[in-house]
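Here's the structure, in structure tokens; my notes come after.
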Amino acid sequence: MKKKKLAILGSTGSIGTSTLSIVESFPNRYEVEALVAGRNHAAILSQCLRWRPKVVAVATEELAAELSIQLRAAGLAETQVLWGTSGATFAATLPDVDFVVSAIVGVAGLEATYAAVCAGKTIGLANKECLVAAGELIIAAARTHGAALIPIDSEHNAVHQCMRGGTHAEVRQIWLTASGGPFRSTPAVDFETITPAQALKHPTWVMGQRITIDSATMMNKGFEVIEACRLFQLPPEKVRVTVHPQSTIHSLVEFVDGSILAQLSVTDMRLPILYALAYPERVPSDLTFDLASLSYLNFSPPDLDRFPCLRLAYEAAAVGGSSCVALNAADEVAVAAFLKGEIPFMGIPRTIEKVLTETPATHPASIAEVLAVDEWARIYATGVVQSYRAVRV
């Protein structure tokens, strides 16, 4: 069996480390060709010593120089050490790479992911911001260059699996499940006083700070709606959200004859990662699910009045183009401001809505144009946040 050679973008994050755990479990199937990390120097050094990649890329030139010295001292002088966006792009497009895991948080991984798509690589997408901000360009490039896009996000991975039960024309709609976050039962009157500490306590998943806050506002589910529209070529009205607190069913696909297929599994990201890496095969694993633990399953519609971020995401999905870019950028700025105590919890959707109101209805024709809209939206959102500060002072 020929091993798949992997480039892992975001190797020191949760998806990256889970991917390396899969490689550890299936050494005869997968091999690490390239690693791309940010500033976690200790972690990337440890990964290089363990996996001996041909190429590694880090955030800055200074970190690259330090890492290069350490690797040479450890007898890994053959590992090429690069830095910045150009280094990540080089790693993602290496000729020997068969599969690229796109797991860099935010738009930081956009250029490298787009380059990998243009190189015709198979991409395991765990970075939803890429498809939110530049989904139109990425999907078009994937068609042109024959690149396969396999979602790693648990919800979209579940849809991908269920879609194998019918043709695209037979799909009536898809259902993305949402845990509802920590505030699904919180009275609306209490939302203004929600603190960062409260919002960071997710009931189901352990995640990074931004995605945890996005789950609390349900913006994360909004991003997933946009991602699903791109991946599965469906209009927003055919991508539904249902609140499912048990997080046991990861998503459902409803077909035109009334049949609904659901994907159930353990809440362990290694399973969707393994599915993506092995596709179209299914590889035996120990990630089993105990059906006896299924005592009850609840579903309910989301409350768009209490969670306006989800409404804003649907509106941006309907417009497309720059609105989706601005949605992501404004959210990132607003979440950071909330975590610093600069705006209240409900200041997040208010900031995003102000930015979207001023965003031109355009469709960027290149990644450079996407990044220009992203920069504009961040600057505008920062101005909105500063206006909150001025009022409070």
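The values are calculated or read from the model by the stated rules, or taken from the named source; none is laboratory data. Small disclaimer: the values here were computed from a predicted structure and weren't measured. Ideal geometry is used to build each Cβ from the backbone, glycine not excepted, and the neighbour counts take in all protein chains shown. Heavy atoms of the whole protein, side chains included, go into the accessibility calculation; ligands, DNA and RNA do not. Shrake-Rupley method; radii C 1.70, N 1.55, O 1.52, S 1.80 Å.
Condition check: acidic (Asp, Glu), open to solvent by 20 Å² or more (accessible area, probe 1.4 Å) and either touching a residue at least 60 places away in the same chain (Cβ under 8 Å) or part of a strand (DSSP E or B) (or both). Does Glu281 satisfy that? No; evaluated as a whole, the condition is false for this residue. Per the conditions (1) touching a Leu at 6+ places or on another chain (Cβ under 6 Å); (2) part of a loop (DSSP other than H, G, I, E, B), the sole criterion not satisfied by Glu224 is (2). On inspection, Leu6 does not qualify as crowded, with 16+ Cβ neighbours inside 10 Å and over 28 Å from Ser154 (Cβ atoms). Being surrounded by fewer than 24 Cβ atoms within 10 Å (Cβ to Cβ) and modelled with pLDDT under 95 is true of Gly38.
Condition (residue is over 25 Å from Pro151 (Cα atoms), hydrophobic (A, V, I, L, M, F, W, C) and open to solvent by less than 70 Å² (accessible area, probe 1.4 Å)) applied to region 162-182: is it met by at least one residue? Reasoning before the result, please.
Of region 162-182, the ones over 25 Å from Pro151 (Cα atoms) are 182.
Within this subset, residues satisfying the condition of being hydrophobic (A, V, I, L, M, F, W, C) are none.
Among the residues of region 162-182, not one is over 25 Å from Pro151 (Cα atoms), hydrophobic (A, V, I, L, M, F, W, C) and open to solvent by less than 70 Å² (accessible area, probe 1.4 Å), which makes the answer no.
If the condition is being assigned to a helix (DSSP H, G or I) and within 15 Å of Ser46 (Cβ to Cβ), then region 61-76 contributes Leu63, Glu66, Leu67, Gln70, Leu71, Ala73. Among the numbered conditions (1) open to solvent by less than 60 Å² (accessible area, probe 1.4 Å); (2) more than 20 Å from Val335 (Cα to Cα); (3) of a type in the set (Asp, Glu), the only one that Asp214 does not meet is (2).
Taking the options Thr186, Thr193, name whichever one is out of contact with any strand residue (DSSP E or B) (no Cβ under 7 Å at 6 or more places or on another chain), open to solvent by 60 Å² or more (accessible area, probe 1.4 Å) and more than 27 Å from Ala372 (Cα to Cα). After ruling out the rest, the residue left standing is Thr193. Going through (1) modelled with pLDDT under 95; (2) open to solvent by less than 50 Å² (accessible area, probe 1.4 Å) one by one, Pro236 falls short only on (1). Among the residues of region 256-274, just one is under 13 Å from Glu155 (Cα atoms), open to solvent by 40 Å² or more (accessible area, probe 1.4 Å) and among the polar types (S, T, N, Q), namely Thr267.
If a residue counts only when it is in contact (Cβ under 8 Å) with a residue 60 or more places away in the chain, open to solvent by 10 Å² or more (accessible area, probe 1.4 Å) and farther than 26 Å from Leu176 by Cβ, which helices (runs of 4 or more DSSP H) contained entirely in region 284-393 have at least 2 such residues?
Numbers: elements: 308-319, 322-339, 347-358, 367-392.
Filter on region 284-393 gives 367-392.
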